[in-house]
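Structure first, then comments.
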């Protein structure tokens, strides 16, 4: 019997911890965020299902933002195909091949950043692994989460994957050029479903193929960048201390 | 399935706590998982059961407290029901998540040798 409290087991110590399990990732994400702020880079974490059109959106973005410097990191399980497509579209890109990991985390992004010159970059797009579940859990240090939802995925995806859409700052409804062939998919129902998981749903319908809606998306990017980095120039004088 | 990554991070916290307290084993692990955290309690449990073998947690059962998503009005604080539009029924302002996105290590029970 325990002499102190009579609990019967002298060696058992209860410890009240109350720690976020992902605090390590949060620290790394904060470090990345500081890095982006120093360079005046607006970073977008672009998520969505496999085949939702993430890479096509970025290709169209490059065509719409020719006066800006873009860079990208492309997360992929097994190939560097997306990175090759983005490089061909004129976006300097580093592939992050995750092997079996279903998402990017802040540390993977940080390591890839060492291979990317952020000086004179205006926008960094992190194309996450195609997946509507896991990537939502990990903060990468981005300014905004943007989710690509293609009309061919159906109206109910926001309700089926509430965590992903709840964390989205903006939803790009992609492939709207296919809507005439999909009478059962209605944009207003997608909006209604988003309003059930996002308190302030922000939705931009677009087609990377016809470029319908791309100007709205580009305008959103420019507005947010001006808002975040009003000077438009990087504060290169600030010292940046790298962790180990 | 990212629950293995979550358990890896969890093990890191537990090992740090065990070192700090001079523990030789962990006897119980209690976590809190929100409904909108993106972590599935059952998948977390099976990942934990696979990964705890041969670790300091080999003899530590895991208890998971699920936390339901609760929304409230950003302006007036009135509670907003899930399932409908996430707007305040009283004043129309957008809701904010009050609880339900936590991924938390709450408590441990450590086996500490007498000194």
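The values are calculated or read from the model by the stated rules, or taken from the named source; none is laboratory data. As the structure is a prediction and not an experimental result, all values here were calculated from the model. Quick reminder, even Gly has a Cβ in these numbers, built from the backbone with ideal geometry, and neighbours come from all protein chains shown.
Below are the figures for this structure:
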read-out	value
Among (1) under 22 Å from residue A:24 (Cα atoms); (2) within 9 Å of chain A (Cβ to nearest Cβ); (3) in contact (Cβ under 8 Å) with a residue 12 or more places away in the chain; (4) surrounded by fewer than 17 Cβ atoms within 10 Å (Cβ to Cβ), the one test that residue B:36 misses	(4)
Some residue of region A:76-84 being in contact with a helix residue (DSSP H, G or I) (Cβ under 9 Å, 6 or more places away or on another chain) and under 19 Å from residue A:144 (Cβ atoms)	no
Given (1) surrounded by fewer than 21 Cβ atoms within 10 Å (Cβ to Cβ); (2) closer than 30 Å to residue A:99 by Cα; (3) in contact (Cβ under 8 Å) with a residue 12 or more places away in the chain; (4) more than 8 Å from chain A (Cβ to nearest Cβ), number of the condition residue B:22 does not satisfy	(2)
Region B:78-110: number of residues that are out of contact with any helix residue (DSSP H, G or I) (no Cβ under 9 Å at 6 or more places or on another chain) and in contact (Cβ under 8 Å) with a residue 60 or more places away in the chain	7
Within region A:105-138, tally of residues that are within 14 Å of chain B (Cβ to nearest Cβ), assigned to a loop (DSSP other than H, G, I, E, B) and free of Cβ contacts under 8 Å to residues at least 40 places away in the same chain	1
Qualifying residues in region A:85-104 (those that are without any contact (Cβ under 8 Å) to a residue 24 or more places away in the chain and not in a strand (DSSP E or B)) - the one farthest from the chain's Cα centre (by Cα)	A:88
Matching entry among A:172, A:178 (being part of a strand (DSSP E or B), under 17 Å from residue A:51 (Cα atoms), in contact with a helix residue (DSSP H, G or I) (Cβ under 7 Å, 6 or more places away or on another chain) and more than 14 Å from every other protein chain (Cβ to nearest Cβ))	A:172
Breaking point among (1) in a helix (DSSP H, G or I); (2) within 10 Å of chain A (Cβ to nearest Cβ); (3) touching a strand residue (DSSP E or B) at 6+ places or on another chain (Cβ under 8 Å), for residue B:106	(1)
Some residue of region B:56-72 being facing chain A (nearest Cβ under 9 Å) and in contact with a strand residue (DSSP E or B) (Cβ under 7 Å, 6 or more places away or on another chain)	yes
Check on residue A:224, assigned to a loop (DSSP other than H, G, I, E, B), surrounded by fewer than 23 Cβ atoms within 10 Å (Cβ to Cβ) and at pLDDT 95 or above	no
Residues within region B:32-53 that are in a strand (DSSP E or B) and more than 21 Å from residue A:102 (Cβ to Cβ), tallied	1
Matching option when the condition is closer than 13 Å to residue B:26 by Cβ, surrounded by 14 or more Cβ atoms within 10 Å (Cβ to Cβ) and at pLDDT 95 or above, among B:107, B:70	B:107
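Residue by residue, here is whether (1) more than 9 Å from every other protein chain (Cβ to nearest Cβ); (2) in contact (Cβ under 8 Å) with a residue 40 or more places away in the chain; (3) surrounded by 21 or more Cβ atoms within 10 Å (Cβ to Cβ); (4) within 13 Å of the chain's Cα centre (by Cα) holds:
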residue	(1), (2), (3), (4)
B:10	no, yes, yes, yes
B:13	no, yes, no, yes
B:26	yes, yes, yes, no
B:31	no, yes, yes, yes
B:41	yes, no, no, yes
B:53	yes, no, no, no
